[in-house]
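This report concerns only the one structure given below.
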Amino acid sequence: EVQLVESGGGLVQPGGSLRLSCTVSGFLFSNSAMSWVRQAPGKGLEWVSGIDINGPTEEYADSVRDRFTISRDNAKNTVHLQMKSLKPNDTAVYYCAKGLGPYEYWGQGTQVTVSS
């Protein structure tokens with residue numbers, strides 16, 4: 001079975017940092033591009049970041065560029081999102097997904113709340 005299990009969400013103050021992780025099983029992770037996508041309260045899905053099969057190529061939404069870093073560890077079938085200088089409008093449910101769009105599989109999502 002296919003599973004994408006996220007972790008690392010929580011409550012953080014503005015300016016703080018948080019590291020999200022997504023561990024994958026059920027498909028060949030090393031042959032899969034991966035994305036992080038988020039949904040803020042009352043808003044639609046927003047693509048945040050993507051990383052290609054080989055890893056060196058990374059892409060970011062303008063809203064998170066220079067603050068977020070995506071990475072992957074193929075030996076552990078895991079993709080990470082390191083988030084720094086968090087802002088209240090980063091508050092959202094964050095999902096990992098297979099692909100760069102369209103997305104083949106989705107994780108369960110993890111809540112990130114940025115509030116003072």
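The values are calculated or read from the model by the stated rules, or taken from the named source; none is laboratory data. Predicted model, so just to flag it, every value in this text is computed and none were measured. Heads up, the Cβs are rebuilt from the backbone with ideal geometry, glycines too, and the neighbour counts pull from every protein chain shown. Note: areas computed on protein heavy atoms with side chains; ligands, DNA, RNA excluded. Shrake-Rupley method; radii C 1.70, N 1.55, O 1.52, S 1.80 Å.
Residues that are closer than 21 Å to Ser116 by Cβ, open to solvent by less than 60 Å² (accessible area, probe 1.4 Å), modelled with pLDDT of 95 or more and not polar (S, T, N, Q) occur at least once in region 53-65. Here Leu11 does not qualify as aliphatic (A, V, I, L, M) and without any contact (Cβ under 8 Å) to a residue 60 or more places away in the chain.
For region 13-43, filtered to residues that are in a loop (DSSP other than H, G, I, E, B) and touching a helix residue (DSSP H, G or I) at 6+ places or on another chain (Cβ under 8 Å), the residue that is most open to solvent (accessible area, probe 1.4 Å) is Pro14.
The combined condition, being touching a Gly at 6+ places or on another chain (Cβ under 6 Å) and either farther than 13 Å from His80 by Cα or open to solvent by less than 50 Å² (accessible area, probe 1.4 Å) (or both), is fulfilled by Leu4. Scanning region 74-85 for residues that are open to solvent by less than 80 Å² (accessible area, probe 1.4 Å), on the phi < 0 side of the Ramachandran plot and touching a residue at least 60 places away in the same chain (Cβ under 8 Å) returns His80, Leu81, Gln82, Met83.
Contact map, region 101-115: first residue over 15 Å from Gln39 (Cα atoms), second residue open to solvent by 100 Å² or more (accessible area, probe 1.4 Å), Cβ cut-off under 9 Å, separation 6 or more or different chains; pairs are Ser115/Leu11; Ser115/Gln13.
When the residues of region 86-116 are filtered to those that are open to solvent by 60 Å² or more (accessible area, probe 1.4 Å) and assigned to a strand (DSSP E or B), which remaining residue is farthest from Leu20 (Cα to Cα)? So, considering only residues that are open to solvent by 60 Å² or more (accessible area, probe 1.4 Å) and assigned to a strand (DSSP E or B), the one farthest from Leu20 (Cα to Cα) is Trp106.
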